[in-house]
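Below: one structure, written as structure tokens.
Derivation of every value follows stated rules applied to the coordinates shown; laboratory data play no part. These figures come from a predicted structure and were not determined experimentally. So basically every Cβ, Gly included, is an ideal-geometry build from the backbone, and we count neighbours across all protein chains shown.
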Amino acid sequence: METIEKNKEKEAEALITEETVNSEGQDKSRKKKKMARAVMSFAVMTVLLVILFFAAVNIGSLKVSFGDLLGGLFVKYNEDVATIYDLRFPRIIISMLAGAAIAVSGVLFQAVLKNPLADPGIIGISSGASFAAVLIIAFAPTLFFFTPLFAFLGGVLAFFLVYSLSWKGGLSPLRIILVGVAVNSMFTGLSSAMNSMSGGNMSGVASIVNGNITMKIWDDVKTLVPYVVIGLILAVIFSGKCNLLSLEDKTARSLGVNVNTMRITISLVAVLLASISTAVAGTISFLGLIVPHIGRILVGSDHKALIPFSMLFGAFTFLLADTIGRTIASPYEVSASIIMSVVGGPFFIILLRRSKKYAS
């Protein structure tokens, strides 16, 4: 009897060991598949962005070959290339920088607020920044070069309103959205009022209110570049902390993380990226919502991969929206912000219906 029981125990142990090995093998296999998919997603997105860049350069009345473009930029003066360089390049670069910044801002806000529906446009950050920029342009044009700074302060104010008004013994995802929509409506209404009072000048107030980047020049690129580059570098640096914020606050604190300080710091980086982009490119809604969600499907939820991928995907998405906007009704143009709203609205509704947190 004892021999039989020992044999059974050995068989059970062997079975458990086999199952453990199989489980570990399956985990390794899944990790390899996720890694391969992430690498492929990065490679494909990089190629698509390069292709779209050269397509955007050639969409319009002036067209140049790839060789002529490189030659005109780096070897010999070419009148067509010079015209494209002055008129199209600033717009293309602003689209890519603003798209990357807004997408990463959305990733950071979703991590900080633990809300998968958080977006700088939806929760009022962009509209707060837009209103501050509008005030400077309308009433203090001599301070134009300080517009990014005031836009950042406007974004901070909007975030403070949303965060403080949503807090009620904790942060409720539904409350954040509702308060954010209210704050967004308030600042959007104020900006629209300022637009009406300014006479609807597209080169000034209305270009921010309506998200119009038609008349952007190299000075606008120079304004945007340093802030966006700094913000994106900080976002990458804090990517590991974003992973910790996805844990319960008690768990994160037990790992030695000062949750409140880290949440405020990452929030300021997110506000910086959204506000500066808004000051130059205008209010763009839903971009910071769409890109992170698709990014999580392609590269996973690890922010160390998600943030860099969102930079690429955000740049691609906004440049694509702008390129479609200036070709779909040629010779007229549809603002990239309108394209994003048309696409993003249904996307937001689908996410809202699928999310169990909001199901009643």
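Using a Förster distance of 45 Å, how high is the FRET efficiency between residue 301 and residue 142, based on the Cβ-Cβ distance and rounded to 0.05?
Numbers: r = 46 Å, r/R0 = 1.03.
Step by step, r from the Cβ atoms, then E = 0.45.
Grab the other residues whose beta carbon is less than 12 angstrom from that of residue 242, score K and R as +1, D and E as -1, and report the net. Mind dumping the intermediate values first?
Working: positive: 114, 241, 263, 304; negative: 302.
It works out to a net charge of +3.
For residue 264 and residue 30, calculate 0.36 nm times their separation in residues minus their Cα-Cα distance, and state this gained length in nm to one decimal. Mind showing how you got there, number by number?
Numbers: separation 234, 0.36 × 234 = 84.24 nm, distance 3.49 nm.
Difference between extended and current length: 80.8 nm.
Once the piece of chain linking residue 63 and residue 160 is laid out straight, how much longer is it, given 0.36 nm per residue of separation minus the C-alpha distance between them? Each step should come with its number before you reach the end.
On the way: separation 97, 0.36 × 97 = 34.92 nm, distance 4.74 nm.
Gain in length upon complete extension: 30.2 nm.
Using r as the Cβ-Cβ distance of residue 293 and residue 254, and R0 as 35 Å, what FRET efficiency do you calculate, to the nearest 0.05? Intermediate results must be reported in sequence, preceding the final value.
Numbers: r = 30 Å, r/R0 = 0.85.
Result of the calculation: an efficiency of 0.75.
Full extension from residue 80 to residue 246: what is 0.36 nm times the residue separation minus their Cα-Cα distance, to one decimal in nm?
That pair, residue 80 and residue 246, stretches by 54.7 nm at full extension.
What ³J(HN,Hα) values, in whole Hz, does the Karplus curve 6.51 cos²θ - 1.76 cosθ + 1.60 give for region 245-254 when θ = phi - 60°, with x put for Gly and Pro?
Taking θ as phi minus 60°, the curve returns 5, 6, 7, 5, 4, 4, 5, 5, 5, 5 Hz for region 245-254.
Using a simple spin-label model with points 7 Å from Cα along the Cα→Cβ vector, what separation in nm is obtained for residue 175 and residue 237?
3.2
Would you please report the Å³ per residue occupied by the convex hull of the alpha carbon atoms in region 213-327? Working shown, then result.
Numbers: hull volume 12.3 nm³, N = 115.
Hull volume over Cα atoms, normalised by residue count, gives 107 Å³.
Evaluate Rg over Rh across region 106-185, taking Cα atoms for both radii and Kirkwood's formula for Rh.
On the way: Rg = 13.5 Å, Rh = 12.8 Å.
Across region 106-185, the Cα-based Rg/Rh ratio is 1.05.
From the phi of every residue in region 74-86, what ³J(HN,Hα) in whole Hz does the Karplus formula 6.51 cos²θ - 1.76 cosθ + 1.60 yield, where θ is phi - 60° and glycine or proline is x?
Once rounded to whole Hz, the list reads 10, 10, 9, 4, 9, 4, 5, 5, 5, 5, 4, 4, 7.
Ordered by residue, what ³J(HN,Hα) values in Hz, to whole numbers, does region 118-126 give under the Karplus form 6.51 cos²θ - 1.76 cosθ + 1.60, where θ = phi - 60° and Gly and Pro are x?
Whole-Hz 3J(HN,Hα) from phi for region 118-126: 6, 8, x, x, 6, 8, x, 5, 5.
What are the residues whose amide H is under 5 Å from the amide H of residue 246, where those residues sit 5 or more places off or on another chain and H is modelled from the backbone?
Under 5 Å from the amide H of residue 246: no residue qualifies.
Pairs to check: 34/304; 114/168; 241/304; 32/114; 34/114. Give those whose C-alpha atoms are more than 18 Å from each other in this structure.
Numbers: 34/304 14 Å; 114/168 15 Å; 241/304 10 Å; 32/114 28 Å; 34/114 23 Å.
Cα-Cα > 18 Å for 32/114; 34/114; rest within.
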